[in-house]
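Student: I have a structure here, written as structure tokens, and I will follow up with some questions on it.
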């Protein structure tokens, strides 16, 4: 069973994505701010997949993605960005920083499953 960490300041959205992941046979852990997620990573925690909301106060999902990609030990950690922003500029920026996928809110289970499969494939 894959362990997926969800980092999203919108608790309702985080729980909804978590329910979809449960249907996809994943265990989830929720973080409603990037700092506790970063602390858990630094303490040795290691999910199989990280899902980051882009728009969060203080520390954005893009900031968290940059933090993850700067560390050699997390280079192969699949990361999917979650956002209500469809702007090509935002998608391109996330992919340039090192995202493995980008999912638009509202999320469907089919889209989430597809992007997850692509993200895991990129890190085989």
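Student: I'd like to know if the stretch 51-74 contains one or more residues that are surrounded by 15 or more Cβ atoms within 10 Å (Cβ to Cβ) and in contact (Cβ under 8 Å) with a residue 60 or more places away in the chain. Break it down stepwise before answering.
Tutor: Of all residues in the stretch 51-74, those surrounded by 15 or more Cβ atoms within 10 Å (Cβ to Cβ) come to 51-56, 59-65, 67-69, 74.
Among the residues that remain, those that are also in contact (Cβ under 8 Å) with a residue 60 or more places away in the chain are: none.
Scanning the stretch 51-74, I find no residue that is surrounded by 15 or more Cβ atoms within 10 Å (Cβ to Cβ) and in contact (Cβ under 8 Å) with a residue 60 or more places away in the chain, so the answer is no.
Student: May I pose another question? Just give me the residues in the stretch 1-12 being surrounded by fewer than 18 Cβ atoms within 10 Å (Cβ to Cβ) and in a strand (DSSP E or B), in sequence order.
Tutor: Correct list: 2, 3.
Student: Taking the stretch 37-50, which residues are without any contact (Cβ under 8 Å) to a residue 60 or more places away in the chain and part of a strand (DSSP E or B)?
Tutor: Matches in the stretch 37-50: 50 only.
Student: Test of understanding: among 46, 15, which residue is closer than 19 Å to residue 119 by Cβ and surrounded by fewer than 17 Cβ atoms within 10 Å (Cβ to Cβ)? Steps first, answer last, please.
Tutor: Working: 15 fails: closer than 19 Å to residue 119 by Cβ.
One residue alone meets the criteria, 46.
Student: I'm checking my understanding of the structure. Among residues of the stretch 18-36 that are out of contact with any helix residue (DSSP H, G or I) (no Cβ under 7 Å at 6 or more places or on another chain) and part of a helix (DSSP H, G or I), which one is nearest to residue 89 (Cα to Cα)? Lay out the reasoning, then the answer.
Tutor: Of all residues in the stretch 18-36, those out of contact with any helix residue (DSSP H, G or I) (no Cβ under 7 Å at 6 or more places or on another chain) come to 18-19, 21-22, 25-27, 29, 33, 35-36.
Those still in the list that are part of a helix (DSSP H, G or I) too: 18-19, 21-22, 35-36.
Numbers: 18: 27, 19: 30, 21: 28, 22: 31, 35: 25, 36: 28 Å.
Within the stretch 18-36, the match that is nearest to residue 89 (Cα to Cα) is 35.
Student: Being assigned to a loop (DSSP other than H, G, I, E, B), within 22 Å of residue 1 (Cα to Cα) and modelled with pLDDT under 95, is that true of even one residue in the stretch 86-93? Walk me through it before giving the result.
Tutor: Going residue by residue through the stretch 86-93, those that are assigned to a loop (DSSP other than H, G, I, E, B) are 86-87.
Still in the running and within 22 Å of residue 1 (Cα to Cα): none.
No.
The values are calculated or read from the model by the stated rules, or taken from the named source; none is laboratory data. A quick note: this is a predicted structure, and the numbers were derived from the prediction, not measured. All Cβ positions, even for glycine, are placed from backbone atoms using ideal geometry, and neighbour counts span all protein chains on display.
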